[in-house]
Amino acid sequence: MLLDRIVQIFLPKQDNFFQQLDAVGRCTARGAECFARFADASPDQFETLAAELRAIEHEGDQLAHALYDELDKSFVTPIDREDLHDLTAAIDDVLDQMEECAGLIVIYHLGRLTPAMQAMIKLARGGAIEVAACVSLLADPKHHAELQRRFTRVHELENQGDELYRTEVGRLFRDGLDPIELIREKEVLDALEASIDACDDVCDRIRSVVVKNS
């Protein structure tokens, strides 16, 4: 009996990790909804939205660190320890990228967001929502077919983002903008592309986990 009790201390329920991972995903989705509001906001609302997103990003960091702490205390994990750590970091990075982009919008005092920027914000939001859904499905093998469909959707969003990014960067240099304005817009576009790419990176990591544990 004593041995059983000792084992239980060091072997927490494996679904705890999936629950914690899901919490990180849901926080990222909530941040994405906040970020999406930039697309239709007026410039005088940008700073308030950025502060709200920053608070959500801090919450996401705390959830991720709580999972890392649990990993440090556990001998057995439901999936490979390194995969679990890297997947958590990748999900958290989606929120980090959106928060960084929001910060750039505020720091550079953008008086407007171009239609392409607005469209890319919505793509980032869509990717993050799909990521959160994928994370919630990861624990149950019967959902693997649905995961594949969602992976495809995120990849489609990333392709749309890449196309918008290339077209818009081409416009910046073609239109001969003031160099300062060009830098401001280009860096925001870079951050937007990174936000969308981060969603695809999570899906790649989840796909790898699924394959390794099938």
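A few points about this structure:
- Computed from point charges on the beta carbon alone (+1 for Lys and Arg, -1 for Asp and Glu), the dipole magnitude for region 23-98 about its Cα centre is near 220 Debye.
- Per-atom-type breakdown for region 101-208 gives carbon and sulfur 53% of the accessible area (1.4 Å probe, protein chains only).
- Rounded to 10°, Cα long-axis angle of helix 115-137 versus longest principal axis of the chain: 10
- Rounded to the nearest 20 debye, dipole of the chain from Cβ charges on Lys, Arg, Asp, Glu: 620
- Straight-distance candidates among the aspartates and glutamates for linking to Lys212, with alpha-carbon spacing under 15 Å and chain neighbours fewer than 8 residues away dropped: Asp80, Glu82, Asp83, Asp86, Asp140, Asp204.
- Nearest 10 degrees, 0 to 90: helix 46-73 Cα axis against the chain principal axis: 20
- Positive minus negative residues near Ala29 (Lys, Arg vs Asp, Glu; Cβ under 10 Å): +1
- Between helix 81-107 and the chain: long-axis angle, C-alpha atoms, 0 to 90°, nearest 10: 20
- Computed extension gain for Arg149 through Arg54, at 0.36 nm per residue and net of the alpha carbon distance, reaches 31.1 nm.
- Accessible area per residue in Å² at 1.4 Å probe, computed on the chain: 51
The values are calculated or read from the model by the stated rules, or taken from the named source; none is laboratory data. Being a predicted model, the structure only gives us computed values, none of them experimental. Glycine gets a Cβ as well: all are built from the backbone with ideal geometry, and neighbour counts include every protein chain shown. Heads up: the accessible areas ignore ligands, DNA and RNA and are worked out on the full protein's heavy atoms, side chains in. Shrake-Rupley method; radii C 1.70, N 1.55, O 1.52, S 1.80 Å.
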